[in-house]
Amino acid sequence: MKKLIGDKKFYLMVLAVAIPIMVQNGITNFVNLLDNIMVGRVGTEQMTGVAIVNQLVFVFNICVFGGVSGAGIFTAQFYGCDDAKGVRDTFRIKVLITAGITVIGLLLFGFYGDQLIHLYLHESNDAGDINATLMYAKQYLRIMMIEIIPFAMVQVYASTLRETGETMLPMKSGIVAVFVNLILNYILIYGKFGAPALGVEGAALATTIARFAELFIIAGWTHYHKEKNIFIEGVYRNFLIPKELLGKVAILGMPLMVNEVLWASGQAVLTQCYSVRGLSVIAAFNISSTISNVFNIVFIAMGSAIGIIVGQLLGAGKMEEAKDTDRKLIFFSVVSCVGIGSIMAIVAPLFPMFYNTSEEIRLLATRFIMIAALCMPLFAFTHATYFTLRSGGKTWVTFFFDSVYVWIFNIPLAFFLTRYTVLYIVFVYLACQLVDIIKCIVGFVLVKKGVWLNNIIGETKELSKEIA
């Protein structure tokens, strides 16, 4: 057990990194929950339309996350060896990557938004109105296309600050943004204080304004405190990035970005598979996923902490310490999620009661939440092993471990069970979650073998110092 449990100093260090991320994500997801309830109290069709668009926007968000994460592997290791020039170059790479992803996202949503929404609309025996759902989804998407622009830039700044040890500012800016979002949701969705009742358009407008507020805070603070954020000095003066670094980021980062794209699109396809069982299933999944996200902040934050802490140790060449630290972090994440999952299962029946929807949808949502709670320790382990492999630059391994697994195992299973069997959708969902047990076994073997113990910056560090 000494290999799995650290001392008091160890946990204080871990919590110093994880708690700010946890708080930010927790507040964000809690306000998203309130946002979702506000829309859900307007009507089922409004809630379902928003849920469909959010599934599409989620794919874009994960693409951005994958784009900045590829360069972020280098950022953490450059920071670990005190190379400000290297951090600056990786920041510039993130800007270029997110700009490209944003342009592609705007083109896809602008020209093919209706077709993408239609993929989730299926006739069934439930009382959902497909035409109304489509109308609300289109209204919501039109405004959310603006929101993705500040979102992308927030990720560039926030990820770099976290990778350089500043976790508090992203948390604070996120807290401000979510409260702005919450207040504006109340005003714009329901038409309070003399404002018009805009419904789903009000929800999208509130989210967009809040995202711009977050960008203003986080970018403003970063540029104002140049003495602390040395990398930001002259960051936009030019984009002369060393070709060798670009090549390494492309080699190691591209599989990571492609992995995130395929994983996110895989989740969208999974939802589409479930959607053939009717709009009630989509509505129930929306409730379940929104609530699950509030509880998932623990293993999400622990994954980020692993990427930051272990990445810095690898960059400093402390291989044995990195291995010992990673083992304890994984154990801590899984044990924590056993407790969190238990709490989530107990309170599962309460959350769906807040929605203005049918009893059938409430019952489905409750069962989906309980399944998510049951499987949370599995997700915690796979998430931790994913970030472990990624911290050492094993992006091709994570590519097969993560997204390829979804497309080979999860999606074919969901496709077959939803279309060629009459199995109850709850059991279909359970089967598709439990198949990740195989992924846990593979992740355990890879981490145990230590294939991720690499210092990836190598010659790039020397090159960066010469140029500086």
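Computed from the coordinates by the stated procedures, all read-outs in this text should not be read as laboratory data. Please read these numbers as outputs of a predicted model, since none were measured by experiment. Glycine also receives a Cβ, built like all others from the backbone with ideal geometry; neighbour counts cover every protein chain displayed.
Here are some notes:
- The ranking of Cys337, Cys375 from fewest to most other beta carbons within 10 Å of each one's beta carbon is Cys375, Cys337.
- Anisotropy class of the range 254-342 from Cα gyration tensor, a/c 1.5 cut: oblate
- Full extension of the chain between Asn131 and Asn356 yields a length gain of 79.1 nm, computed as 0.36 nm times the residue separation minus the alpha carbon distance.
- Taking the number of Cβ atoms within 10 Å of each Cβ as an exposure proxy, the fewest-first ranking of Val404, Val180 is Val404, Val180.
- Amide hydrogen neighbours beyond the local backbone of Lys228, cut-off 5 Å, H modeled: none
- Of the residues Asp326, Asp114, the one with the fewest other Cβ atoms within 10 Å heads the list, and the complete ranking is Asp114, Asp326.
- Compared with the dominant Cα axis of the chain, that is its longest principal axis, helix 297-315 is turned about 20°.
- Computed over the chain, the quotient of the alpha carbon radius of gyration and 2.2 N^0.38 Å is 0.96.
- Selection among Ile408, Thr421, Ala203 by position relative to the dipole of the range 8-467 gives Ile408 as farthest towards the positive end (Cβ unit charges, Cα centre).
- Rounded if a/c under 1.5, otherwise prolate or oblate - the range 55-176, Cα gyration tensor axes: prolate
- The residue list Ile217, Thr44, Leu378 was ranked by how far each Cα lies along the charge dipole of the chain toward its positive end, using unit charges on Cβ atoms, and Leu378 comes out on top.
- Given charges at Cβ of Lys, Arg, Asp, Glu: the chain dipole, positive-most of Ile282, Ala16, Ile148: Ala16
- Dipole in debye (nearest 20) - the range 349-456, about Cα centre, beta carbon charges: Lys, Arg +1; Asp, Glu -1: 360
- Placed amide H near Ser358: partners under 5 Å, 5+ positions off or other chain: none
- Value of relative contact order over the range 8-467, rounded to a whole percent, pairs C-alpha under 8 Å and six or more apart: 24
- Test item: Cα-centred dipole of the range 8-467, Lys/Arg +1 and Asp/Glu -1 on Cβ, debye: 720
- Overall, the anisotropy analysis places the range 1-130 in the oblate class: the square-rooted eigenvalues a ≥ b ≥ c of its C-alpha gyration tensor yield a/c not less than 1.5, with a/b not exceeding b/c.
- Crossing angle, helix 359-391 versus the chain [Cα axis fit, 0-90 degrees, rounded to tens]: 10
- Integer Hz, Karplus 6.51/-1.76/1.60 couplings in order for the range 322-338, x for Gly and Pro: 5, 5, 5, 5, 5, 4, 5, 5, 4, 4, 4, 5, 5, 4, 4, 6, 5
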